[in-house]
2 protein chains.
Amino acid sequence: MSAPASKSPATLHDVAREAGVSLATASRSLNGSARKVNEDYRQRVLEAAQRLGYTTNLFAQAVAKGSTTTVALLVADIADPYFSSIAAGVIDAASEERLVVTIAVTGRDAQRELDTVRALRGQRPRVMILAGSRTTGAAFEVQLRSELSSFEDTGGKVAFISQDAAPFATVLLDNRGGARNLAVALAELGYRDFAVIAGPAEIRTAQERLEGFSEGLAEHGISLPAERIIHSDFTRDGGYRGAQDLLASGARVDLVFAVNDVMAVGVVSALRDAGIAPGEGIGVAGFDDIPTVRDITPALTTVRIPLEDVGRRALQLATGSAHGASDAGGGPEPIPTETIIRGSTPRR
Amino acid sequence: MSAPASKSPATLHDVAREAGVSLATASRSLNGSARKVNEDYRQRVLEAAQRLGYTTNLFAQAVAKGSTTTVALLVADIADPYFSSIAAGVIDAASEERLVVTIAVTGRDAQRELDTVRALRGQRPRVMILAGSRTTGAAFEVQLRSELSSFEDTGGKVAFISQDAAPFATVLLDNRGGARNLAVALAELGYRDFAVIAGPAEIRTAQERLEGFSEGLAEHGISLPAERIIHSDFTRDGGYRGAQDLLASGARVDLVFAVNDVMAVGVVSALRDAGIAPGEGIGVAGFDDIPTVRDITPALTTVRIPLEDVGRRALQLATGSAHGASDAGGGPEPIPTETIIRGSTPRR
DNA sequence: CTGTTAGCGCGTTCAG
DNA sequence: CTGAACGCGCTAACAG
């Protein structure tokens, strides 16, 4: 249909000519770090640029300078509120520093994560932020770390979100502690017979939350038998099916803890569909405090993580632009976590 | 703390030397389009690249070729399920074509949208996809279009999502028709006294849905008085407050239509918090069919849009890789929309 | 089929 | 403070 002439964008050269100055002067007026250019010239260049609709070619600039303005963010699933909230934080913080963020999704597939990291290196991003739930599979783990190490060796910076990934920078989420506190709070509310919809065993975040929860229960002398731990997908449907399996097992439980909110939402729906009133018949709790859990019925008890802040922190951590107050130690202080009791876990 | 040597990444030159061939040969073996290189050499190059951990510098490649592998996606709010679902589709389709997508958020601010487009042009993206709800403000609209036009003049491609933005490619969402059908369906269910939580008047999508809904009601001889139309933010809280205002007005309504699901979720919560059982006292309907509306109580009646497909289509439309069957006409066929009746609107 | 050379658009020396 | 020349890493003509 439409095959326009497609003239190429105005180049710095064009601007220089239009303004009647040299390339160097034009460059200095538009992007120069050391500001030492006659105001007259400067104006003429700016106007010429304006007139020609010139925009700095970031790629060429990157090639010349040897450094990019790109941030690469890896998430398991961008449609998952957990990740999209983190992404929002990353993008927000990045735009403050005039950084562009590119997002890639890994789908929780270790091989794909590795491939993606490799592909992304081609962009020579300033920083790479890995928010995808990492697995504990040794094989890929080793390759991933080596890939990331050489990325750092060549001037990149990587930041992980969630569990410690020394020697890489990490925004630590206190998965274990948060889950422990939740367990304690629930025990104090009078719950005694727990089950956990735990997500895949290889996902570290899931594992940590499960362990923390179990520890918390132990503090109250409550044990969590293995048959009360159901592994399933880290998704809403995973939670739904997990709850179905739990019910089918005939176990008598008074509280179901899903290791993340998305799953917990599935649990609530599964209970309801099975004719059990969530919060009355069986309590339900999740983890993350994604926005929607306030709006389901009953509102979900959960462990709050300030997701957007986490994203922001990850970027700042990586770019070294920590404008938080006391980062004296340099050690990664975990993001504070907060237990939020809502209607899904009334006192028993 | 850690100040590593930071040697720069291996270059094609390094690889060529390591393999004992020329730059050109190395280039051809690694990225060449026409595959005319001795298999022996090819292997040696590949191995050398492997050994050195070489990755093509996409920027340099872009500068040399004069074309990028970048897709720029503009959304109003990436944490909003509507946009994150679309983003998922875009990213998915993009990765199939080995395209990298960078996401920028505009926050529904026309000025910021314009600035962002300008900034993004620096990346020389192959395509730019605008999914943010565009406003009808003439001033910025003109500038935006002119900016986009010159982007296309210089070889870029732009695709809009939602309302027609000729002469730019558009993935049309049938906002008006979907809303009309919904209205008809609701009227047939026995509802008579409607109110609409309409979002900001300047947002075109909101406006279209409002109008379509009103038309649908008119077909059944039902009118929608102005005082039953409440404008508020296009967010969950906007919906919540809109519902509060509605209740405060004392209007007697039996159904509230929020022009998007996120707002409708807020409406449901507001009703409940006001002691009104959503779906029993007052019916509620939304638009979009975001994932979570299945899980709130009662499940929300809405108009389904296949959000991920929309994202995919947008990319394909822009890259010209339509692998859909019949795009004979070339005219933008709207994405089909479907009315989904759920528990929030029982028959009256 | 391979190697040489000249750009791509820009930043940055280095003289003037 | 300005301009000319070179280099960034890579591709694309051009010869050999």
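Among the residues here, A:ALA64 does not qualify as within 16 Å of DNA strand C (Cβ to nearest atom) and buried (at least 22 other Cβ atoms within 10 Å of the Cβ).
Entry remark, segment B:6-21: residues being part of a loop (DSSP other than H, G, I, E, B) and within 8 Å of DNA strand D (Cβ to nearest atom) number 4 in total.
Out of curiosity, is B:VAL45 more than 9 Å from chain A (Cβ to nearest Cβ), more than 33 Å from the chain's Cα centre (by Cα) and crowded, with 22+ Cβ neighbours inside 10 Å? Step through it out loud before you land on a result.
Working: more than 9 Å from chain A (Cβ to nearest Cβ): yes; more than 33 Å from the chain's Cα centre (by Cα): yes; crowded, with 22+ Cβ neighbours inside 10 Å: yes.
Yes.
Kindly provide the set of residues from segment B:323-343 that are touching a Lys or Arg at 6+ places or on another chain (Cβ under 8 Å) and either away from every other protein chain (no Cβ under 14 Å) or at pLDDT below 95 (or both), ordered by number. Matches in segment B:323-343: B:GLY324, B:ILE335, B:THR337, B:GLU338, B:THR339, B:ILE340.
Take A:SER95 and decide whether it is hydroxyl-bearing (Ser, Thr, Tyr) and crowded, with 22+ Cβ neighbours inside 10 Å.
Working: hydroxyl-bearing (Ser, Thr, Tyr): yes; crowded, with 22+ Cβ neighbours inside 10 Å: no.
The answer is no for A:SER95.
A:ALA16 meets each of the listed conditions (1) without any contact (Cβ under 8 Å) to a residue 40 or more places away in the chain; (2) in contact with a Gly (Cβ under 6 Å, 6 or more places away or on another chain) apart from (2). Restrict the check to segment A:208-231 and report whether at least one residue is touching a strand residue (DSSP E or B) at 6+ places or on another chain (Cβ under 6 Å) and of a type in the set (Ser, Thr, Tyr). Looking for residues that are touching a strand residue (DSSP E or B) at 6+ places or on another chain (Cβ under 6 Å) and of a type in the set (Ser, Thr, Tyr), one finds none in segment A:208-231, hence no.
Residue under question is A:VAL45, and the condition is that it be within 11 Å of DNA strand D (Cβ to nearest atom), in contact (Cβ under 8 Å) with a residue 12 or more places away in the chain, assigned to a loop (DSSP other than H, G, I, E, B) and over 30 Å from A:MET263 (Cα atoms); does it hold? Write out each step before concluding.
On the way: within 11 Å of DNA strand D (Cβ to nearest atom): yes; in contact (Cβ under 8 Å) with a residue 12 or more places away in the chain: yes; assigned to a loop (DSSP other than H, G, I, E, B): no; over 30 Å from A:MET263 (Cα atoms): yes.
In short, no.
Regarding B:LEU30, is this residue within 12 Å of DNA strand D (Cβ to nearest atom), without any contact (Cβ under 8 Å) to a residue 60 or more places away in the chain and assigned to a helix (DSSP H, G or I)?
Working: within 12 Å of DNA strand D (Cβ to nearest atom): yes; without any contact (Cβ under 8 Å) to a residue 60 or more places away in the chain: yes; assigned to a helix (DSSP H, G or I): yes.
Here the answer is yes, as B:LEU30 does meet what is asked.
Looking only at segment A:291-311, filter to residues that are touching an Asp or Glu at 6+ places or on another chain (Cβ under 9 Å) and in a helix (DSSP H, G or I); which one of those is surrounded by the most Cβ atoms within 10 Å (Cβ to Cβ)? Taking the candidates together, the pick is A:GLY311.
Which ones in segment B:48-67 are within 9 Å of DNA strand D (Cβ to nearest atom) and more than 23 Å from A:VAL100 (Cβ to Cβ)? Reasoning before the result, please.
In the first step, residues of segment B:48-67 are kept if they are within 9 Å of DNA strand D (Cβ to nearest atom); the result is B:54-67.
Of everything in segment B:48-67, just one residue is within 9 Å of DNA strand D (Cβ to nearest atom) and more than 23 Å from A:VAL100 (Cβ to Cβ), namely B:TYR54.
The values are calculated or read from the model by the stated rules, or taken from the named source; none is laboratory data. The shown structure was predicted, so the numbers you read here are calculated from the model rather than taken from an experiment. Every residue, glycine as well, gets a Cβ built from its backbone with ideal geometry; the counts of neighbours run over all protein chains shown.
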